[in-house]
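To start, the structure under review is shown below, and the notes come after it.
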4 protein chains.
Amino acid sequence: MTIRTLVWNEFFHEQHNDVVRNLYPDGIHAAIAGFLNREEGISAETATLPEAEHGLPQARLDATDVLLWWGHKMHGDVEDAIVDRVAERVHQGMGLIVLHSGHFSKPFKRLMGTPCSLRWREAGERERLWAVNRSHPIVQGVGHSIELPNAEMYGEPFLVPEPMETVFISWFEGGEVFRSGLTYQRGAGKIFYFRPGHETYPIYHNPEIQRVLVNAVRWAYNPVAAWSDVSAAPNVPVEKAPEKIQQKGGSLHKPGEEGYR
Amino acid sequence: MTIRTLVWNEFFHEQHNDVVRNLYPDGIHAAIAGFLNREEGISAETATLPEAEHGLPQARLDATDVLLWWGHKMHGDVEDAIVDRVAERVHQGMGLIVLHSGHFSKPFKRLMGTPCSLRWREAGERERLWAVNRSHPIVQGVGHSIELPNAEMYGEPFLVPEPMETVFISWFEGGEVFRSGLTYQRGAGKIFYFRPGHETYPIYHNPEIQRVLVNAVRWAYNPVAAWSDVSAAPNVPVEKAPEKIQQKGGSLHKPGEEGYR
Amino acid sequence: MTIRTLVWNEFFHEQHNDVVRNLYPDGIHAAIAGFLNREEGISAETATLPEAEHGLPQARLDATDVLLWWGHKMHGDVEDAIVDRVAERVHQGMGLIVLHSGHFSKPFKRLMGTPCSLRWREAGERERLWAVNRSHPIVQGVGHSIELPNAEMYGEPFLVPEPMETVFISWFEGGEVFRSGLTYQRGAGKIFYFRPGHETYPIYHNPEIQRVLVNAVRWAYNPVAAWSDVSAAPNVPVEKAPEKIQQKGGSLHKPGEEGYR
Amino acid sequence: MTIRTLVWNEFFHEQHNDVVRNLYPDGIHAAIAGFLNREEGISAETATLPEAEHGLPQARLDATDVLLWWGHKMHGDVEDAIVDRVAERVHQGMGLIVLHSGHFSKPFKRLMGTPCSLRWREAGERERLWAVNRSHPIVQGVGHSIELPNAEMYGEPFLVPEPMETVFISWFEGGEVFRSGLTYQRGAGKIFYFRPGHETYPIYHNPEIQRVLVNAVRWAYNPVAAWSDVSAAPNVPVEKAPEKIQQKGGSLHKPGEEGYR
């Protein structure tokens, strides 16, 4: 079974900033898809903001098992209809891995229902990500911590819901901490937020970061068939109630009528 | 200290359906505000969909500690800007109590980030809500269960995130079950979803249901001052880092620049 | 990779009650191991209370990936040293599936830290278990609900911690509800509590119950190597701190000294 | 309403180590009770290990709303019967605040069901506790973080269950991080673990630490009457079932018989 993975990137800084271009000449998406494709059982493609429908037509999302999302300056340019589509596919069972500044992306904010705000500093300081649960599938092949010599700082409070699991907590040279790896279940879909990934440092060339992302793709994959009617609210008519009952009391709806929404 | 409570209702069925009008001649909102106002330390007002800004101008929301929300047929008529405003106030610390068919309201879906779908049947069947945690403040003054002779059925799966606490689970005569009382924390705000409340039955005239709602208002109240910048993502400049650090590595942002969002 | 599964049973009622003996002539453990062994990738053995060390010597537990536990009348006869051993193996990564009246078993109470109490009635009434999350691996191959014509009733409140996931909720003919499928993570180990299994009904001969247990064994399996020092609290000496620091302030421990516990 | 608070201390180091004695001449328990007693609505007493029943006879625990626990070297000397008593009172609704090295105390391990292990270093390094949720009642009156010039380091992984809420995360000068403030609900009781408190530093003389503990006492207080039969598993006889049912199927128990445990 191959996990059909799609790496989405707004693909802006790589075309407008020399530091980023030099690190990721083909874009962050291509770098990530590159190392994912070296893994057995994973096939990765890419999609970017400038493409038609941002590279995310319905048919393509329907054929995607796990979506990775990197965005930063262009969050506002992502069309709401595409955000709806991504969120719905997560509810149906598509895995989602949100990267770094994607904390402020529309799909993540839609799925969290919170501001997803944080404090930040771009000083190239040292970061150390500590694994809170060493037995978690996402941290396998990595030691008790990952050290990044240069990182953008993200600091608490991080305005997200309490996670299903806290997987990583970061220490920063400048004195802050951050919950850098968090898991969520939303409908049939699994979500992993992973903090590192600032575009001016070679984060995605780091083998341990790559290992975490490979693990996360496997973790987020739900082999169950898509829950296609996850958002439907079907009426269960009286004659189909599991227990035999009689209609009683006042009624608003006529028999067989659709519910309101 | 008085808890400033606002009861919101779309106020449609009471004006278009005789069964509902007879039960709630002044509207569900007036009935709920009525029994809340009999409680010491709670002052309740009402707001409805047809009012300007749906009765929810910013200044009024800013002066609201706990908002109750009843909606059904008119969910789609609630303006997105008002939904944003309500969600932001919850993140800042306003409590929110979502009633019955409000499961499909825009504010609840926005705050949950999930479809909030379920199965339903309007057959006037018996419902029994079991208290899962008898020591929870929301269930005080109610016995181990609440029995409603006539209720609309809501059945699992209920597509919401795992709650902070499951407070009530319902048994239905027709054979289904439902998580009927769920708590969430979103930002500084506490949210309680409470299932009963179908408009064709005298649910809000039931003393035990009233007791639960009074308890829920007290529970959802956050006495802390509003977290007004909860959605801001401030830069922490190098010279204000808690630990003394030096700027290193490449940089995308100029000193003092705003972050992207 | 084969999941090494061990089915533990106190094996009392089958030898002292004719109803139970007729249903499970070789014991509940043998019935469960029987259908597990028909699955590819699972190998199941059994252990019972009367055996030496209750059939759970350290070496055998160390070679067990997933343990299933059925107990009822003889909970008190399980030695505390064996309970410690089981709990420690769960913390190290062994999966644990607790069956029915095992809610009051020593290992479950030890791992939950709560009374694990509930209300009960042995009336052979109908039970219907509703899947709360249809996409969960434990409910695959089962429809939206499982109906048991005869079951012992367990009713809320069930005194356990809030679970990681509520997988099943039961409806009972007599009017109660129960959270019948709950997942927990404790250390490196995954725990699933599954309610059905009363010994006077042919519960474990039901194909849907069997399917749930097969799924649960696969779900609870942690392929990661055992976290053998999960309970250790090692000192990190100053010279091995990730960041260079100097010893400061008063001190209780001498260099290299063990911590207290 | 006065919150009847009891501060428990093993009271060993203060009598055997000069550094500790100088900081807390009357014991850590007396220092904590001292500042608690200056708060309106809180009355604090103390209990220590050497007293009869460790100062925790049943009647005294029954009259305690919130218990604070400090232990370190003498964990093993706490009698199991007293541990059972404390855990049962928490299940009934008594609040529990576990301090620092109390992570390895018997009551905390009993209530968590996990090893509660961690990594540590006694180097007097700087610690900064970050508030994850600034609106939480426990962090009121404290800024966005608390800085301790000298602290013992505790590092992740901390082997506890996922908490209800992560309230504080610590940054340490030596490079580690730790979840320093965690909340749990167990039965009717609320539990708060708070990391700082090493006996060789004047932690409990710090006004911000004192503020957190005062807040925590108020937070942990459950005004509801004790759930005295929280551990009971009563039979609900057929004739008392909420819905009218008939006895069916085989039976193990005789009418009116007690359940097994």
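Among the residues of region D:129-149, are any within 9 Å of chain C (Cβ to nearest Cβ) and open to solvent by 10 Å² or more (accessible area, probe 1.4 Å)? Before you say what the answer is, go through the steps one by one.
Here is the first cut: in region D:129-149, the residues within 9 Å of chain C (Cβ to nearest Cβ) are D:149.
Going one step further and asking which of them are open to solvent by 10 Å² or more (accessible area, probe 1.4 Å), we end up with D:149.
Yes, the conditions are met somewhere in region D:129-149.
Scanning region D:150-169 for residues that are of a type outside the set (Phe, Trp, Tyr) and away from chain C (no Cβ under 14 Å) yields D:Thr166, D:Val167, D:Ile169.
The set of residues in region A:46-93 being more than 14 Å from the chain's Cα centre (by Cα) and on the phi > 0 side of the Ramachandran plot consists of A:Glu53, A:His54, A:Gly55.
Does B:Arg21 qualify as being without any contact (Cβ under 8 Å) to a residue 40 or more places away in the chain, closer than 20 Å to A:Ser251 by Cβ and basic (Lys, Arg)? In short, yes.
Go through region A:55-72 and give me each residue that's open to solvent by less than 10 Å² (accessible area, probe 1.4 Å) and either assigned to a helix (DSSP H, G or I) or under 18 Å from A:Glu10 (Cβ atoms) (or both). Steps first, answer last, please.
Within region A:55-72, the first condition is being open to solvent by less than 10 Å² (accessible area, probe 1.4 Å), and the residues that meet it are A:55-56, A:61, A:64, A:66-71.
Matches in region A:55-72: A:Gly55, A:Leu56, A:Leu61, A:Thr64, A:Leu67, A:Leu68, A:Trp69, A:Trp70, A:Gly71.
When region C:226-261 is filtered for residues that are among the small types (Gly, Ala, Ser) and in contact (Cβ under 8 Å) with a residue 24 or more places away in the chain, the ones remaining, listed by number, are C:Ala226, C:Ser228, C:Ser231, C:Ala233, C:Gly259. Each residue in region A:73-99 was checked for being surrounded by fewer than 24 Cβ atoms within 10 Å (Cβ to Cβ) and part of a helix (DSSP H, G or I), and 12 of them qualify. A:Pro234 passes every criterion in (1) under 30 Å from A:Asn17 (Cα atoms); (2) within 12 Å of chain B (Cβ to nearest Cβ) apart from (1).
Of everything in region D:233-243 that is within 14 Å of B:Ser145 (Cβ to Cβ) and surrounded by 14 or more Cβ atoms within 10 Å (Cβ to Cβ), the residue that is farthest from the chain's Cα centre (by Cα) is D:Glu243.
Every condition in (1) surrounded by 24 or more Cβ atoms within 10 Å (Cβ to Cβ); (2) out of contact with any Pro (no Cβ under 9 Å at 6 or more places or on another chain); (3) at the interface with chain D (Cβ under 10 Å from one of its Cβ atoms); (4) farther than 27 Å from D:Phe104 by Cβ is met by C:Gln246 except one, and the failing one is (1).
If you go through region C:6-16 one residue at a time, do you hit one that is free of Cβ contacts under 8 Å to residues at least 60 places away in the same chain and open to solvent by less than 30 Å² (accessible area, probe 1.4 Å)?
The answer is no, given that none of the residues of region C:6-16 is free of Cβ contacts under 8 Å to residues at least 60 places away in the same chain and open to solvent by less than 30 Å² (accessible area, probe 1.4 Å).
Which of the numbered conditions does A:Ile28 fail, given that it passes all the others? Conditions: (1) open to solvent by less than 10 Å² (accessible area, probe 1.4 Å); (2) over 18 Å from the mean Cα position of the chain (by Cα). Just one mismatch for A:Ile28, condition (2). The number of residues in region C:196-227 being at pLDDT 95 or above, in contact with an Asp or Glu (Cβ under 9 Å, 6 or more places away or on another chain) and either away from chain D (no Cβ under 14 Å) or more than 16 Å from C:Glu147 (Cβ to Cβ) (or both) comes to 9.
Say we look at region A:100-111 and pick out the residues that are touching a strand residue (DSSP E or B) at 6+ places or on another chain (Cβ under 9 Å) and assigned to a helix (DSSP H, G or I); which of these is farthest from A:Ile191 (Cα to Cα)?
Residues of region A:100-111 touching a strand residue (DSSP E or B) at 6+ places or on another chain (Cβ under 9 Å): A:100-103, A:105, A:107-108, A:111.
Going one step further and asking which of them are assigned to a helix (DSSP H, G or I), we end up with A:100-103, A:107-108, A:111.
On the way: A:His100: 14, A:Ser101: 15, A:Gly102: 13, A:His103: 12, A:Pro107: 11, A:Phe108: 9, A:Leu111: 9 Å.
Per the criteria, the residue is A:Ser101.
Consider D:Leu23 carefully, then state whether it is crowded, with 17+ Cβ neighbours inside 10 Å and in contact with a strand residue (DSSP E or B) (Cβ under 9 Å, 6 or more places away or on another chain). Spelling it out, it is not the case that D:Leu23 is crowded, with 17+ Cβ neighbours inside 10 Å and in contact with a strand residue (DSSP E or B) (Cβ under 9 Å, 6 or more places away or on another chain).
Consider A:Ser43 carefully, then state whether it is of a type in the set (Ser, Thr, Tyr), within 14 Å of another protein chain (Cβ to nearest Cβ) and in contact (Cβ under 8 Å) with a residue 12 or more places away in the chain. Explain how you work it out, then say what you get.
Working: of a type in the set (Ser, Thr, Tyr): yes; within 14 Å of another protein chain (Cβ to nearest Cβ): no; in contact (Cβ under 8 Å) with a residue 12 or more places away in the chain: yes.
Considered against the rule, which asks whether it is of a type in the set (Ser, Thr, Tyr), within 14 Å of another protein chain (Cβ to nearest Cβ) and in contact (Cβ under 8 Å) with a residue 12 or more places away in the chain, A:Ser43 comes out as no.
Would it be correct to say that D:Asp65 is modelled with pLDDT of 95 or more, acidic (Asp, Glu) and in contact with a strand residue (DSSP E or B) (Cβ under 7 Å, 6 or more places away or on another chain)? Yes, satisfied. Residues in region A:213-230 that are touching a helix residue (DSSP H, G or I) at 6+ places or on another chain (Cβ under 7 Å) and not in a helix (DSSP H, G or I): A:Ala226, A:Trp227, A:Ser228, A:Val230. Residues that are without any contact (Cβ under 8 Å) to a residue 24 or more places away in the chain and of a type in the set (S, T, N, Q) were ranked within region D:131-165; the one that is farthest from C:Val238 (Cα to Cα) is D:Ser135.
The values are calculated or read from the model by the stated rules, or taken from the named source; none is laboratory data. No experiment lies behind these values; they were computed from the predicted model shown. No Cβ is skipped: glycine too gets one built from the backbone with ideal geometry, and neighbour counts run over all protein chains shown. Keep in mind that these areas ignore ligands, DNA and RNA; they rest on the heavy atoms of the full protein, side chains included. Shrake-Rupley method; radii C 1.70, N 1.55, O 1.52, S 1.80 Å.
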